[in-house]
1. How would 211, 31 line up from fewest to most surrounding beta-carbon atoms within 10 angstrom?
2. Evaluate the Kirkwood expression for the hydrodynamic radius of the chain, namely the inverse of the mean inverse distance over all pairs of different C-alpha atoms, and round to one decimal in Å.
3. Please report the relative contact order for the range 59-168, taking Cα pairs under 8 Å with a sequence separation of at least 6, and give it as a percent rounded to a whole number.
4. Using only Cα atoms, locate the centre of the range 76-129 and the centre of the range 159-235, then give the distance between them in Å, rounded to an integer.
5. Take residue 157 and residue 232, extend 7 Å from each Cα along the Cα→Cβ direction, and tell me the distance between the two endpoints in nm.
6. Percent relative contact order of the chain, based on C-alpha pairs within less than 8 angstrom and at least six residues apart?
7. Rounded, prolate or oblate: which one fits the range 213-307, using the alpha carbon gyration tensor with axes a ≥ b ≥ c (rounded when a/c is under 1.5, else prolate when a/b beats b/c, else oblate)?
8. If you build the convex hull over the alpha carbons only and average its shadow over all orientations, what do you get for the range 123-246? Give it in nm² to one decimal.
Ligand SMILES: *Cc1c(COP(=O)(O)O)cnc(C)c1O
């Protein structure tokens, strides 16, 4: 990668309204003990769990662009949605406080069979600290549609409501992951590192779509593997590809090929928000060997994907692999019993 290319992408990002919410660059660190335990390739971790806002996480990067758009639209309240233990809602609520806006969120009871603590602790507790208004919804609705209707209702009462989709995943939010892609490439260049693979967990698709769009615009060919936390491989490839095309379209005219989107749904288990034995093992391994907190919904499944792919030979022991830590440890409190028992 030449400095020239980097400058071009910087210029492209600089044309979008953006507010500063994020501690960046986030660290790129080696995980020598986990590497040794797994007998795999040299493992690295990019610490987007440490983006700084209200314990951090990947949504903060997206919110730099989304909240700027809300302010440009003259909003006095942002409306969004997520699952009950949504990290996105927590970070949006904190960003709203920091910028002097109100926040209204719909929480979907998407995960069946949790105990009553699940709706009180972790992210829900923090949501309340940020003083947002919450409404719960039963599972299975079109939640973005519900949130759009809630925004409409607020407008009819005279509020200037700005709708932010679940996970902050539209092309504006995905620009946050273009910024992460750019930052990572810069760090790789500085440390003379040429990883063969980037691994991240993928849900509402904006993180992977933004990374892919960023690499595409920068001419970087390192493959990005999304470990699905919810959808089947084909559906998730569709979701990521559609959003990556829209996002890349803001940056470059070069067409983006669908085969750039890699997804593995082999670590979802029973479904969204339900950790598998592999998830629990990954959380323990990262904690015991590296002092790193993963979460039971996203990053634990992502790491379970790396562990599984090393064990089944899909990732051989040569070279370097980077795990993008997207955050989420706040939800550990809602899963305490299961994690301690596991
Ligand atoms: C939202 C989230 C993800 C998934 O990112 P998407 O952009 O929704 O695909 C991964 N990890 C954590 C901790 C998250 O909160």
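Every number in this text was worked out from the coordinates using simple rules, so none of it is lab data. Source: prediction; values computed, not measured. Glycine also receives a Cβ, built like all others from the backbone with ideal geometry; neighbour counts cover every protein chain displayed.
1. Arranged by neighbour count, lowest to highest, 211, 31 become 31, 211.
2. When all Cα pairs of the chain are included, the Kirkwood radius is 20.0 Å.
3. Once divided by the residue count of the range 59-168, the mean separation gives 39 percent.
4. Cα centroid to Cα centroid, the span is 23 Å.
5. A separation of 4.1 nm, rounded to one decimal place.
6. Answer for the chain is 21 percent.
7. prolate
8. Its Cα hull, projected and averaged over all orientations, spans 10.1 nm².
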